[in-house]
1. If I filter the stretch 185-232 down to residues being within 18 Å of SER146 (Cα to Cα) and of a type in the set (S, T, N, Q), which single residue comes out as modelled with the highest pLDDT?
2. What number of residues in the stretch 256-287 are buried (at least 21 other Cβ atoms within 10 Å of the Cβ) and not in a loop (DSSP other than H, G, I, E, B)?
3. Restricting attention to the stretch 120-164, report how many residues are within 22 Å of ARG177 (Cβ to Cβ), at pLDDT 95 or above and among the hydroxyl-bearing types (Ser, Thr, Tyr).
4. Hey, any hits in the stretch 74-87 for a residue that's out of contact with any Pro (no Cβ under 6 Å at 6 or more places or on another chain), in a loop (DSSP other than H, G, I, E, B), touching a residue at least 60 places away in the same chain (Cβ under 8 Å) and not basic (Lys, Arg)?
5. Evaluate the stretch 79-99: report whether one residue or more is of a type in the set (A, V, I, L, M), in contact with a strand residue (DSSP E or B) (Cβ under 8 Å, 6 or more places away or on another chain) and either surrounded by fewer than 18 Cβ atoms within 10 Å (Cβ to Cβ) or over 15 Å from VAL137 (Cβ atoms) (or both).
6. State which residue pairs qualify: first residue closer than 17 Å to PRO247 by Cα and at pLDDT 95 or above and inside the stretch 279-290, second residue in a loop (DSSP other than H, G, I, E, B) and not aliphatic (A, V, I, L, M) in any location, beta carbons under 6 Å apart, and separation of 6 or more residues or different chains.
7. Looking at (1) more than 16 Å from the chain's Cα centre (by Cα); (2) buried (at least 20 other Cβ atoms within 10 Å of the Cβ), find the lone condition where THR223 falls short.
8. Looking only at strands (runs of 3 or more DSSP E) that lie completely in the stretch 108-201, which have at least 2 residues being crowded, with 23+ Cβ neighbours inside 10 Å?
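The values are calculated or read from the model by the stated rules, or taken from the named source; none is laboratory data. The shown structure was predicted, so the numbers you read here are calculated from the model rather than taken from an experiment. With ideal geometry, Cβ positions are generated from the backbone for all residues, glycine too; neighbour counts draw on all protein chains shown.
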Amino acid sequence: MHIRVLGSAAGGGFPQWNCDSPRCRAARRGRLVSERRSQSSIAVSQDGHHWLLVNVSPDIRQQILDNTMLHPSGAVRSSGIAAIALMDSQIDHVTGLLMMRESDEPLSIYCTKRTEEDLRTGFPIFEMLSHYCRASVTHLPLDGHSIEPDETPGVRILPIPLTSKAPPYSRHRQDPRPGDNVGFVIDSPDTGKRAFYAPGLGEIDDRLSAWMASADIIMVDGTTWTDDEMSKVVGGKKTSRQMGHLPLTGEGGMLDVLADYPLARRILVHINNTNPVLDPESAERARLEAMGIEVSYDGMDIRF
């Protein structure tokens, strides 16, 4: 199984267009150029030709240009992207669908019923696409069963309901239910190994811990280093936990969680532009390296 990280940053990317924090400034002016990141997305394939795009960030056009396996091949109008799976209805995970409106065929999209509802009401992308290529929607199961999209042979994903917040435009923002946000367990039929992917993760319960314990590769939310990071760095009003992201540090933080799985390959995804781990010379990055925890980057290849 092959996973390519297309985008490794949280919403806004790194550097963010309107942010002049020290790290964004350094990335814009030269010192952290190699750490630049686009917004969160991965692509998954078993055969190297048919790719399942997991989330479609606003940066999808550049991500396709940067990853040749997604380029047109054969037909004049074609793509290595065979199907799309959405984990939620967040702006930074779905807006790129509008960039794909030139498709000759309806976009084959897998998402939960709750996500589809948001994308037909609060943020009606599916209705917008109905005037262009259209969207063919298949609901992801939430009953513990896997799904293997017909368009991507050999790629099997198991949706896992997560505790996180629906976006502000969702009609059920204040009424969280299973299906607002999911993680994926991705199985490799060739090796019997599995990866767990969850770029948005607010809480971890025993059920979720069991899935993480079963994974050979754990790719999880690394949005912020501390819970109050946004307010300290850019004057934000919400904590990381209030936004639905478990911070890396603090009691019960993501680093404490990942310490329980030392045998797995552990990779942080969805890194916010305020997070000090974006500086490879920082003490925070050194702490991750000492723990054997990786920071994802755009173009990162994972095979298992």
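1. So the residue we want is SER214.
2. 8
3. Qualifying residue count for the region: 3.
4. yes
5. Within the stretch 79-99, one or more residues are of a type in the set (A, V, I, L, M), in contact with a strand residue (DSSP E or B) (Cβ under 8 Å, 6 or more places away or on another chain) and either surrounded by fewer than 18 Cβ atoms within 10 Å (Cβ to Cβ) or over 15 Å from VAL137 (Cβ atoms) (or both).
6. So the pair list comes out as GLU284/TRP225.
7. All conditions are met except number (1).
8. Passing ranges, in order: 156-161, 182-187, 194-198.
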